[in-house]
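Let me begin by presenting the structure, written as structure tokens, before commenting on it.
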Amino acid sequence: MFKRTFMLTATAVIAAVGLSAPVSAQSEEEVTLLVSPLSFAFPHFVFMVEQMEDEAALIGNVNIIVADGQLSSPKQITDIEAAIVQGVDGIIVAPTDADSLAGAVRMAIENGIPVVTVDRPVNGVPDVLANVAADNYIGAVAQGEQVIADFPEGATIVNLQGIPGDKTANDRNGGAHEALDAAGDSYIFVSEQAANFSRDEGLSVTENILTGLGDAPAVIIAANDDMALGAVQAVEARGLTGQVAIYGYDGSKDALRAVRDGTLAGTVDQFPGEQGRTAVRILVDHIRNGTVPESDNILLAPIAITSANLDMAERISLIGE
């Protein structure tokens, strides 16, 4: 789908995509954007949208209309169709389903409204201006490599997976396996089950797994922080705190607190704030100046966060709140 891919650290994004600095609001036309995040049930998207709104204020004369996707493709489709009728200038969407949203995104583009996808792409719509996301595969490799660094002699591992069939879930599962499978037979997956990126399901699925296993695993990896924090609850309820190392993915505020406090061994920061800010800059620059980004697939490189490098986390300033 995408012609070229840029792999960037968060600090390299602005220079690499060729964006100019924000200009005074008085000198620029007013721009209205629809932002449709996957779901505000996930702290990842709450923070991402907050950063989009901050970036819009910084640029000036940029209005953002937020429509929570509520994990519902029909809801996102309806919201996009309404935005087309309303005549917004651009759309940023984190699609609930890469296939289902394609028709609505295509309709927006056909009506002259540029679209940037964020966090994940849509399928079959090559005219999307850009996809801005973290490389979830690389991030999951980093998660697996952190497990290897912490358990050099090997470990038994429970793998809490995301939504079956979801690209993000597939990439995170694949990256974790790439790192851990290549590390040798001493890293053994004793159970792998979907918990659908949900904290409640992370708790219940982990409870069921621990009941079935008999012996507690050395490690639990989770494809997002909510599932990891649910696993923390299950482990605490069984009196296994300190015996099972749990690793999340997202770098959420709650997860960073848990890393600081020692209840999570680590998480992976995929810089959702910079994803959101970059998406806004690209879209506004295109609307106002006709600028086309150098790449239509801009991927940030996630990093593993532990207590040793907690200060590198994007949301570190929030964990005291």
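The values are calculated or read from the model by the stated rules, or taken from the named source; none is laboratory data. Just so it is clear, the structure is predicted and the values come from calculations on it, not from any experiment. Here Cβ is always computed from backbone atoms with ideal geometry, including for glycine, and neighbour counts include all displayed protein chains. Note: accessible area is taken over every heavy atom of the protein model, side chains too, but ligands, DNA and RNA are not part of it. Shrake-Rupley method; radii C 1.70, N 1.55, O 1.52, S 1.80 Å.
For S307, the accessible area of its heavy atoms, probed at 1.4 Å with every protein chain present, is near 90 square angstrom. Considering only D54, D261, D225, the Gaussian network model of the chain with Cα springs below 10 Å gives its largest mean-square fluctuation to D261. If the segment from S100 to E294 were pulled out straight at 0.36 nm per residue, it would be longer than the present Cα-Cα gap by 67.1 nm. Counting heavy atoms of the protein chains alone, S73 has an accessible area of about 20 Å² for a 1.4 Å probe. For the stretch 195-311, the solvent-accessible area of protein heavy atoms averages 33 Å² per residue (probe radius 1.4 Å; ligands and nucleic acids excluded). Among the DSSP beta bridges whose two residues both lie in the chain, what percent are antiparallel, rounded to the nearest 5? The answer is about 5 percent antiparallel.
When a 1.4 Å probe is rolled over the protein heavy atoms, the share of accessible surface on the chain that falls to carbon and sulfur comes to 49 percent. Counting heavy atoms of the protein chains alone, F151 has an accessible area of about 50 Å² for a 1.4 Å probe. Of the residues D166, D269, D215, ranked by 1.4 Å probe accessible area with the largest first, the sequence reads D215, D166, D269.
With contributions of -39500 (n - 2.57) from each DSSP H run of at least four residues, the per-residue ellipticity at 222 nm computed over the chain stands at -13000 deg cm²/dmol. Taking 1.002 mPa s as the viscosity and 20 °C as the temperature, the Stokes-Einstein diffusion coefficient of the chain based on its alpha-carbon Kirkwood radius rounds to 107 µm²/s. Go ahead and run the numbers for FRET between Q243 and M107, Cβ-Cβ distance against an R0 of 41 Å, rounding to 0.05. It comes to 0.20.
When only alpha carbons are used to place a centre, the stretch 160-189 and the stretch 234-287 end up 18 Å from one another.
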